[in-house]
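Below is one structure, written out as structure tokens; the observations come after it.
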Amino acid sequence: MDLSPHEAITAGEPLHREVRILVVDDNPEHRMLIVRNLRRGIQTVVIEEVETGGDCLARMAAGRFDLVLLDYTLPDTNGLEILALLRRRYSSVPVIMVTGQGDERIIREAMRQGASDYVIKTPEFLEHLVNVVARTLAQQSLRTQLDQSKEELVRRNQELSILLDATTAVSSQLDLDSVLNILAERIGNAVGCTFVKILLMTEDNRGLVVKAVHPVQDLEWDPALGHLFEVKAGSPVFSVIFDQAPLILNTAHIQELNAAPAVQRGLLGNLEQIQSLLIMPVIMMNECLGVVVLGERRHWERSPFTPEKSGLAMALIQHAGIAIKNAHHYQVLQKEHLETIMGLAEALETRDAYTRGHGDRAVEYAQAIAHELGLTPEQTDRLRYAAILHDIGKIGIPDDILNKPGKLTPEEYGLMKTHPEKGANILSKIRFLERIAPLIRNHHERWDGTGYPDGLQGRDIPIESRIVSVLDSYDAMTSDRIYRKAPGRDYAISELRRCAGAQYDADVVAAFLKILGVPQEEPKAAVRAG
């Protein structure tokens, strides 16, 4: 189907701007005829004229053009040489070669070098020229649209990859703090802002608590983790929560936060010179769980939070909403489980006066050691349970042995040594505690392999059991027994140091002594197992 020049250029999506054409020809009469016909045949066209190849390159460097009409015969060079330079420097700009009759070899070479089309100067070449130009511009318009579509597709694929990666990462976590920290990091990396803070609503829905930040170490600031502030009607945060819609605060709005120090600390920490804040709600089934705050310190002529970046951040938050809610439910369930466990521990304490308060002390120290040694949230969780329940097997030990005021006989001591196995057997029958059973079984193993019941050695002993072993011994040496007074803190510290690397994991001992505030001392040389 033949198209008129105007139909050809608008066959694809219409151009939304004027078309700029550069005519390169040293013949003024030819240029005048070309320009007149192009303006007659193509709408919204701007045409510039030059006579030489050098002028052509200069004009291309100074301005934007959508097409070049290039005559082969030029006073300073030939069109093929200019074509080669244009292809190298401006590969996206189409070039139509114009040449005289009988120059088929030049035409073939021009097409080989990348000319989009050609026109031969015949008596009717002007009419043909307009059609070739219109067709080339239409093709270029379609090509540009295709390139833009490809770029958009690449961008969308990148966003989907980011969403998939973030969703997979947060969905694999049940610990709420882990979910929030991963989400903050993913949003910060995806958007490229100065910082990200995640704040969750309090149980009464009247306040917000800072739960996660990113980055933590790259900025010298106090991000105010754990800071709580009330959400008051009329505040920017209130509008985000109430309207369930994002809000951007500029410099002037940020300065107004000085009048509300608690809110300012929650949103910014002590960071100054923030130019823009983006506050977004965390929505799950029409319930606002909290807000995510993105801060940008750099100066921008426009908002750094473009629709694309804001949309990506919102998508990340929406995908993470389920994981946050699930982690919150899991946290509640953990609390209920912990209450059940404390009930079991209290049942033991009614039979054994020595263990009274023992579990509480062990848990406090255990969590501090876990942090010092860099244990994972999962390991810390297991350690917390093990610290509470490590002596639960003593329920199966007769009262006359458990509370005997004198020294145990070898037979009685042998029975007492069965309490780790008894405890493991008890917990293995409780579904949500069965993962703790091996830790209870091994908490009397020794680093050198002389412990019980399995004679495990070194790092074959679970790290949680190694920690409980140190805490259990320390508590025993600093607590009164029915048959003796406590040797005391100094003695316990001395014994832990002496037995580090033999009975106890030396790294655990070092971490515990640091928590106790004991000055560092070179431990006695010992051969470490494992």
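Could you grab me the full set of residues in segment 27-44 that are open to solvent by less than 70 Å² (accessible area, probe 1.4 Å), within 18 Å of Tyr72 (Cβ to Cβ) and in a helix (DSSP H, G or I)?
Passing the criteria: His30, Arg31, Leu33, Ile34.
Considering each of Arg459, Arg446, Arg435 in turn, give the residue that is outside any helix (DSSP H, G or I), basic (Lys, Arg) and open to solvent by 30 Å² or more (accessible area, probe 1.4 Å). Walk me through it before giving the result.
Working: Arg459 fails: outside any helix (DSSP H, G or I); Arg435 fails: outside any helix (DSSP H, G or I).
Result: Arg446 is the single residue among Arg459, Arg446, Arg435 that is outside any helix (DSSP H, G or I), basic (Lys, Arg) and open to solvent by 30 Å² or more (accessible area, probe 1.4 Å).
Can you tell which of Asp76, Asp66, Asp71 is surrounded by fewer than 18 Cβ atoms within 10 Å (Cβ to Cβ), of a type outside the set (Val, Ile, Thr), at negative phi and touching a helix residue (DSSP H, G or I) at 6+ places or on another chain (Cβ under 7 Å)?
Residue meeting the stated conditions: Asp76.
Could you run through segment 152-183 and say how many residues are at pLDDT 70 or above and either more than 30 Å from Ile198 (Cβ to Cβ) or not in a helix (DSSP H, G or I) (or both)?
Counting residues in segment 152-183 that are at pLDDT 70 or above and either more than 30 Å from Ile198 (Cβ to Cβ) or not in a helix (DSSP H, G or I) (or both) gives 1.
Could you look through segment 240-274, keep only residues that are open to solvent by less than 40 Å² (accessible area, probe 1.4 Å) and part of a helix (DSSP H, G or I), and pick out the one that is farthest from Met314 (Cα to Cα)?
Leu257
Please give the number of the condition Leu289 fails out of (1) assigned to a helix (DSSP H, G or I); (2) hydrophobic (A, V, I, L, M, F, W, C); (3) at pLDDT 65 or above.
Just one mismatch for Leu289, condition (1).
Let's see how each residue does on (1) at pLDDT 90 or above; (2) open to solvent by 30 Å² or more (accessible area, probe 1.4 Å):
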site: Cys193; (1), (2): no, no
site: Lys197; (1), (2): yes, no
site: Asn205; (1), (2): no, yes
site: Lys211; (1), (2): yes, yes
site: Asp222; (1), (2): no, yes
site: His227; (1), (2): yes, yes
site: Gly234; (1), (2): no, yes
site: Val237; (1), (2): yes, no
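What are the residues in segment 494-507 that are open to solvent by less than 10 Å² (accessible area, probe 1.4 Å) and either touching a His at 6+ places or on another chain (Cβ under 8 Å) or in a helix (DSSP H, G or I) (or both), if any?
Matches in segment 494-507: Leu496 only.
All but one of (1) open to solvent by 10 Å² or more (accessible area, probe 1.4 Å); (2) in contact with a Lys or Arg (Cβ under 7 Å, 6 or more places away or on another chain) hold for Lys485; state the number of the condition that does not hold.
Condition (2) is where Lys485 drops out.
Could you look through segment 1-28, keep only residues that are more than 52 Å from the chain's Cα centre (by Cα) and modelled with pLDDT under 90, and pick out the one that is nearest to Thr136 (Cα to Cα)?
Out of the qualifying residues, it is Pro5.
Taking only pairs six or more apart or across chains, which ones have beta-carbon atoms under 8 Å, a first residue in segment 185-210 that is charged (D, E, K, R), and a second residue that is part of a loop (DSSP other than H, G, I, E, B)?
Lys197/Pro223; Lys197/Gly269; Arg206/Val231
Answer with yes or no whether Tyr491 is among the aromatic types (Phe, Trp, Tyr), open to solvent by 70 Å² or more (accessible area, probe 1.4 Å) and either in a loop (DSSP other than H, G, I, E, B) or touching a residue at least 12 places away in the same chain (Cβ under 8 Å) (or both). If you could, list the steps in order and put the result at the bottom.
Working: among the aromatic types (Phe, Trp, Tyr): yes; open to solvent by 70 Å² or more (accessible area, probe 1.4 Å): yes; either in a loop (DSSP other than H, G, I, E, B) or touching a residue at least 12 places away in the same chain (Cβ under 8 Å) (or both): yes.
Here the answer is yes, as Tyr491 does meet what is asked.
Taking interchain pairs and intrachain pairs at least six residues apart, which have beta carbon atoms under 9 angstrom, with the first residue in segment 83-109 and under 19 Å from Ile21 (Cα atoms) and aromatic (Phe, Trp, Tyr) and the second part of a helix (DSSP H, G or I) and open to solvent by less than 20 Å² (accessible area, probe 1.4 Å)?
As it stands, the answer is Tyr90/Met60, since those pairs meet every condition given.
The values are calculated or read from the model by the stated rules, or taken from the named source; none is laboratory data. Quick caveat, the model's predicted, so the values are computed rather than measured. Note that we place each Cβ from the backbone using ideal geometry, even for glycine, and neighbour counts take in every protein chain shown. For the accessible areas, the whole protein counts, side chains as well, though only heavy atoms, and no ligand, DNA or RNA atoms are used. Shrake-Rupley method; radii C 1.70, N 1.55, O 1.52, S 1.80 Å.
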